[in-house]
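A.B. asks: Below is one structure. I have some questions about it.
The values are calculated or read from the model by the stated rules, or taken from the named source; none is laboratory data. Because the structure is predicted, anything quoted here is derived from the model rather than measured. Positions of Cβ are generated from backbone atoms using ideal geometry, with glycine treated the same way; all protein chains shown enter the neighbour counts. Accessible surface areas use protein heavy atoms only, side chains included; no ligands, DNA or RNA. Shrake-Rupley method; radii C 1.70, N 1.55, O 1.52, S 1.80 Å.
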Amino acid sequence: MSTTFETWRVRFERLRANKIFELTVITIIVVSALLIGARTYEETSRFQSWLLVLDTAITVFFLVEILIRMAAEKRLRDFFKRGWNIFDFLIVTASLIPMDDSEMVLLARLLRVFRVLRLVSMIPELRMLIAALFKSIPRMGYVALLMFIIFYIYGAVGSFLFASVDEKLWGNISLAMLTLFQVATFESWATAVLYPTMEQYPYAWIYFLTFIFFNAFIFLNMMIGIVLDVMQKESVAIQLENGEGEAAEMHGLRDDVRHMREQLARMEEMLERRG
């Protein structure tokens, strides 16, 4: 019984590592995303029954795929030791909510939108980007705090100086910070904010240019630098992990060869004794 189970486990493991199988899963995920987008058009309402059948087929495929990945593990709990496996399991489980129930149809559609995120778990490069993003958040938080302090200072100064220009833009510190956010995003800031202010305060450009210098050139580059630094470390870690995996595989092959040589030597000794 255990031999049969191990045989099937090895088969499932080979299937899971098969590139064609991975490409098939990625293709189905893309089709699922297109199916979700198609449901937002009224023209597809006449194909509702076909779309429902296709959605059911995709859900069954995802269920079978996750079961194959679980069966490929030597122990079931090993599957849940990886965060991305837990994520895939939750997404697939949530997709089992039926679409024909009028009370649950909205929830089911919302949950099916998240199936697109399975592309992240299937593509290693995307996993590296997401891991780098999450690891960058604590360090970027300090930069964001410093940005908030600069926004607060400039907002208070702008509220004191330019309130007479436009109460809707500079009436209080909250409105001033919101105006500064518009300036930081360069969304029509010159015609809507800068020029009207300079009509009464000709030297207001110094205020705006220094603010833009801090945010667009310093803080933004600091954010980019943090993300690039973490991405570089993640890339090095993945390369080291792959190298260790290859080394372990080579070590295992050497042990197998050594074991086979020992068996061959024993067989030769037995044949010599019989001869």
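A.B. asks: Is it true that V53 is open to solvent by 80 Å² or more (accessible area, probe 1.4 Å) and closer than 21 Å to L96 by Cβ? So that I can check it myself, show each step before the final result.
C.D. replies: Numbers: open to solvent by 80 Å² or more (accessible area, probe 1.4 Å): yes; closer than 21 Å to L96 by Cβ: yes.
Answer is yes for this residue.
A.B. asks: Sticking with this structure for a sec: For segment 105-155, give me the residue count where each residue is closer than 24 Å to M177 by Cα, hydroxyl-bearing (S, T, Y) and open to solvent by less than 80 Å² (accessible area, probe 1.4 Å).
C.D. replies: Taking segment 105-155 first, the residues closer than 24 Å to M177 by Cα are 137-155.
Add one more test, that the residue is hydroxyl-bearing (S, T, Y), and what stays is 142, 152, 154.
Retained after the next criterion (residues that are open to solvent by less than 80 Å² (accessible area, probe 1.4 Å)): 154.
The qualifying residues number 1.
A.B. asks: For V193, work out the one condition from (1) under 20 Å from the mean Cα position of the chain (by Cα); (2) surrounded by 14 or more Cβ atoms within 10 Å (Cβ to Cβ); (3) β-branched (V, I, T) it doesn't fulfil.
C.D. replies: For V193, the failing item is (1).
A.B. asks: Oh, and also: E187 passes all but one of (1) open to solvent by 50 Å² or more (accessible area, probe 1.4 Å); (2) assigned by the TED database to the domain that holds T59; which number fails?
C.D. replies: If we test E187 against (1) open to solvent by 50 Å² or more (accessible area, probe 1.4 Å); (2) assigned by the TED database to the domain that holds T59, just (2) comes out false.
A.B. asks: For a quick check of your reading: which helices (runs of 4 or more DSSP H) sit entirely within segment 1-91 and have at least 2 residues that are over 24 Å from the mean Cα position of the chain (by Cα) and within 27 Å of R127 (Cα to Cα)?
C.D. replies: On the way: elements: 2-17, 19-38, 48-71, 76-79.
By residue number, 2-17, 48-71.
A.B. asks: State yes or no: is R69 open to solvent by less than 80 Å² (accessible area, probe 1.4 Å), among the basic types (K, R) and either under 30 Å from F12 (Cα atoms) or touching a helix residue (DSSP H, G or I) at 6+ places or on another chain (Cβ under 9 Å) (or both)? If you could, list the steps in order and put the result at the bottom.
C.D. replies: Values: open to solvent by less than 80 Å² (accessible area, probe 1.4 Å): yes; among the basic types (K, R): yes; either under 30 Å from F12 (Cα atoms) or touching a helix residue (DSSP H, G or I) at 6+ places or on another chain (Cβ under 9 Å) (or both): yes.
Against the criterion (open to solvent by less than 80 Å² (accessible area, probe 1.4 Å), among the basic types (K, R) and either under 30 Å from F12 (Cα atoms) or touching a helix residue (DSSP H, G or I) at 6+ places or on another chain (Cβ under 9 Å) (or both)), R69 qualifies.
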